[in-house]
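S.K.: Got a structure for you, questions after.
The values are calculated or read from the model by the stated rules, or taken from the named source; none is laboratory data. In this text, all values refer to a predicted model and were calculated from it rather than measured experimentally. Every residue, glycine among them, receives a Cβ derived from its backbone with ideal geometry; neighbour counts consider all protein chains shown. Accessible surface areas use protein heavy atoms only, side chains included; no ligands, DNA or RNA. Shrake-Rupley method; radii C 1.70, N 1.55, O 1.52, S 1.80 Å.
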Amino acid sequence: MKEYNDLTIYEQEDFLEYEIIKYLQKTPQPITRAQLAKYLVENVDYIPNDALEERKSQKTGKLYQPFMNRLSFALTSLNKARLIYHPKRGITVLTEAGKAIDVNNYKYIHKLVIQGWNR
């Protein structure tokens, strides 16, 4: 596996989708986006420890976190695939389909994400 920063943004989102599902299957309680980001950075070897650091946009000069952008898109994709839902803003929970899915079946998860975006 390539290092996280060597992946395209689409590959980063795909990678995060699988890691999010794996973590949520181990953690059955609702989780916040910040808790999820912290867990991923601290516990997934391929994600660099400085992933949550802010960077300055060359275009606008504003600070932003590229990792959080990718995480947000991954969560949106999983929501569209009906594998997670948000009972309240900023809270993420697995659906029954998300609980039952085989996290090692990357192609099937990707297929559900693509179908979700095409609905």
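The rows are residues; the columns are (1) in contact with a helix residue (DSSP H, G or I) (Cβ under 7 Å, 6 or more places away or on another chain); (2) over 20 Å from residue 105 (Cα atoms); (3) free of Cβ contacts under 8 Å to residues at least 60 places away in the same chain; (4) open to solvent by 10 Å² or more (accessible area, probe 1.4 Å).
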{"position": "9", "(1), (2), (3), (4)": "yes, yes, no, yes"}
{"position": "13", "(1), (2), (3), (4)": "yes, no, no, yes"}
{"position": "22", "(1), (2), (3), (4)": "no, no, no, yes"}
{"position": "27", "(1), (2), (3), (4)": "no, no, yes, yes"}
{"position": "34", "(1), (2), (3), (4)": "no, yes, yes, yes"}
{"position": "38", "(1), (2), (3), (4)": "no, yes, yes, yes"}
{"position": "60", "(1), (2), (3), (4)": "no, yes, yes, yes"}
{"position": "66", "(1), (2), (3), (4)": "no, yes, yes, yes"}
{"position": "80", "(1), (2), (3), (4)": "yes, no, yes, yes"}
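S.K.: Please go through the stretch 82-119 and give me each residue that is in contact with a helix residue (DSSP H, G or I) (Cβ under 9 Å, 6 or more places away or on another chain) and under 17 Å from residue 34 (Cα atoms), ordered by number.
M.R.: 84, 85, 86, 90, 91, 92, 93, 94
S.K.: Can you give me the number of residues within the stretch 97-117 that are hydrophobic (A, V, I, L, M, F, W, C) and open to solvent by 100 Å² or more (accessible area, probe 1.4 Å)?
M.R.: Looking only at the stretch 97-117, we keep the residues that are hydrophobic (A, V, I, L, M, F, W, C), and these are 97, 100-101, 103, 109, 112-114, 117.
Those still in the list that are open to solvent by 100 Å² or more (accessible area, probe 1.4 Å) too: 117.
Total meeting the criteria: 1.
S.K.: Could you tell me which numbered condition residue 92 fails, if it satisfies all but one of (1) closer than 20 Å to residue 117 by Cα; (2) open to solvent by 20 Å² or more (accessible area, probe 1.4 Å); (3) not in a helix (DSSP H, G or I)?
M.R.: Just one mismatch for residue 92, condition (2).
S.K.: Okay, next question. Would you confirm, using the coordinates I've provided, whether residue 51 is of a type in the set (A, V, I, L, M), under 26 Å from residue 102 (Cβ atoms) and either open to solvent by less than 50 Å² (accessible area, probe 1.4 Å) or under 11 Å from the mean Cα position of the chain (by Cα) (or both)? Give the steps one after another, and end with the answer.
M.R.: Working: of a type in the set (A, V, I, L, M): yes; under 26 Å from residue 102 (Cβ atoms): no; either open to solvent by less than 50 Å² (accessible area, probe 1.4 Å) or under 11 Å from the mean Cα position of the chain (by Cα) (or both): yes.
No: the conditions fail for residue 51.
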